[in-house]
1. What are the residue pairs meeting all of these: first residue in the stretch 268-285, first residue under 18 Å from Lys201 (Cα atoms), second residue open to solvent by 10 Å² or more (accessible area, probe 1.4 Å), Cβ atoms under 7 Å, and 6 or more apart or on different chains?
2. Please enumerate the residues belonging to the stretch 275-292 that are open to solvent by 10 Å² or more (accessible area, probe 1.4 Å) and not in a helix (DSSP H, G or I).
3. If only one of Ala144, Ala133, Ala119, Ala113 is open to solvent by less than 50 Å² (accessible area, probe 1.4 Å), farther than 24 Å from Glu200 by Cα and within 14 Å of the chain's Cα centre (by Cα), which one is it?
4. Give Arg236, Arg252, Arg245 a once-over and let me know the one that is touching a residue at least 24 places away in the same chain (Cβ under 8 Å), farther than 25 Å from Ala181 by Cα and charged (D, E, K, R).
5. Given the options Ala63, Ala72, Ala67, name the one that is open to solvent by 10 Å² or more (accessible area, probe 1.4 Å), hydrophobic (A, V, I, L, M, F, W, C) and modelled with pLDDT of 95 or more.
6. Can you report the number of residues in the stretch 236-284 which are among the β-branched types (Val, Ile, Thr) and more than 21 Å from the chain's Cα centre (by Cα)?
7. Collect the residues in the stretch 228-274 that are open to solvent by less than 50 Å² (accessible area, probe 1.4 Å), of a type outside the set (A, V, I, L, M) and either under 22 Å from Val289 (Cα atoms) or not in a loop (DSSP other than H, G, I, E, B) (or both), keeping them in residue-number order.
8. Hey, can you tell me all the residues within the stretch 78-96 that are out of contact with any Ser or Thr (no Cβ under 9 Å at 6 or more places or on another chain) and either part of a loop (DSSP other than H, G, I, E, B) or β-branched (Val, Ile, Thr) (or both)?
Amino acid sequence: MRLGVLDVGSNTVHLLVVDAHHGAHPWPAHSEKAVLRLAEQIGREGELSDAGADALVESVANAKEAAARLQAADLIAFATSAVRDATNSAEVLARVRAETGVHLQVLSGADEARMTFLAVRRWFGWSAGRLLALDIGGGSLEIAAGIDEEPQLALSVPLGAGRLTRRLRAAGPATAGPPPARAVEELREYVDATLDPVVEKIVGVDWDRAVASSKTFRTLARLAGAAPSGAGLWVRRTLTRTGLRQVIGFIRHIPPGQLSELEGVSASRADQLLAGAVVAEAAMRRLDVDTLEICPWALREGVILQRLDHLEGT
């Protein structure tokens, strides 16, 4: 069957249409994105702005039309951190449903971690043993670990690359150059402090393989020497802590506007790369991870797999 999944994230609204059935590999048939940066449309009182809501409604309507045109049998639509955290979330969701007919399900951070873990588990299989899965989004960092398809531990912390980029900008002078060393160090200290309770909760949880998903980790791995996306899904890609530190060492001196000139760095995410790298390094260091394997599947695939499992059981 053909399924559409619409992911309303902090940075983009992403429609992925796949051909899949229970027990089979979901094969992408179509993918399209709209860069809305909803997290940057949050006002002082925590509300999503009218302009942000307008853009969201338009993007959801366009995605629904695209899914129908591609003959998707179902459209699974969900929203993550930006919509979840907005103080007017209920009003925005009601408007989206009234004007487009699409019911956006707001995922909790823990649900994000669980479904990403499901995708990672299915990708690597049972032979991978106990897994640790890390995923950096625009608004949050998800951490999950366990040996089954349902993780033993599933956590979400507000350490997304977009969220911390705004914090980094606020700490430094309003210039086009790279952020000052003081601002980067303050960000690192903030990330470490935010991770303290996570480290406490994860004590006693073991893993055999540490895995990372998300655009941020894939980009950092590419800058550290991993194979480009053109090499295909099946190529093994890793990110070492040493390689990551070397990446941070040179990107912290490059103005955000020039980072997109580096191979593998998209223009839409370039300004968030340094903040994402700081989170990645802190997570690896605090969890004592030397090497991460990069998984091409993440939250969207987890949502698809869960829906297929549900359909098989009905």
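The values are calculated or read from the model by the stated rules, or taken from the named source; none is laboratory data. Everything numeric here is computed off the predicted structure, so don't read it as measured data. Backbone-built Cβ (ideal geometry, glycine too); neighbour counts: all protein chains shown. Note: accessible area is taken over every heavy atom of the protein model, side chains too, but ligands, DNA and RNA are not part of it. Shrake-Rupley method; radii C 1.70, N 1.55, O 1.52, S 1.80 Å.
1. Going by the 7 Å Cβ cut-off, the qualifying pairs are Ala282/Arg188; Ala282/Asp192; Met284/Arg241; Arg285/Arg241.
2. Start the filter on the stretch 275-292 by keeping residues that are open to solvent by 10 Å² or more (accessible area, probe 1.4 Å), which leaves 281, 285-288, 290-291.
Hits for the stretch 275-292 are Leu287, Asp288, Asp290, Thr291.
3. Numbers: Ala144 fails: farther than 24 Å from Glu200 by Cα; Ala133 fails: farther than 24 Å from Glu200 by Cα; Ala113 fails: farther than 24 Å from Glu200 by Cα.
The conditions single out Ala119.
4. Values: Arg252 fails: farther than 25 Å from Ala181 by Cα; Arg245 fails: farther than 25 Å from Ala181 by Cα.
Result of the check over Arg236, Arg252, Arg245: Arg236.
5. Working: Ala63 fails: open to solvent by 10 Å² or more (accessible area, probe 1.4 Å); Ala67 fails: open to solvent by 10 Å² or more (accessible area, probe 1.4 Å).
The unique qualifying residue is Ala72.
6. The initial filter retains those residues of the stretch 236-284 that are among the β-branched types (Val, Ile, Thr), namely 238, 240, 242, 247-248, 251, 254, 265, 278-279.
Next, from what is left, pick out any that are more than 21 Å from the chain's Cα centre (by Cα): 242, 254.
Selection size over the stretch 236-284: 2.
7. Result: Arg237, Thr238, Arg241, Gly243, Gly249, Pro256, Ser260, Asp271, Gln272.
8. Residues satisfying the conditions are Ala86, Thr87, Asn88, Val92, Val96.
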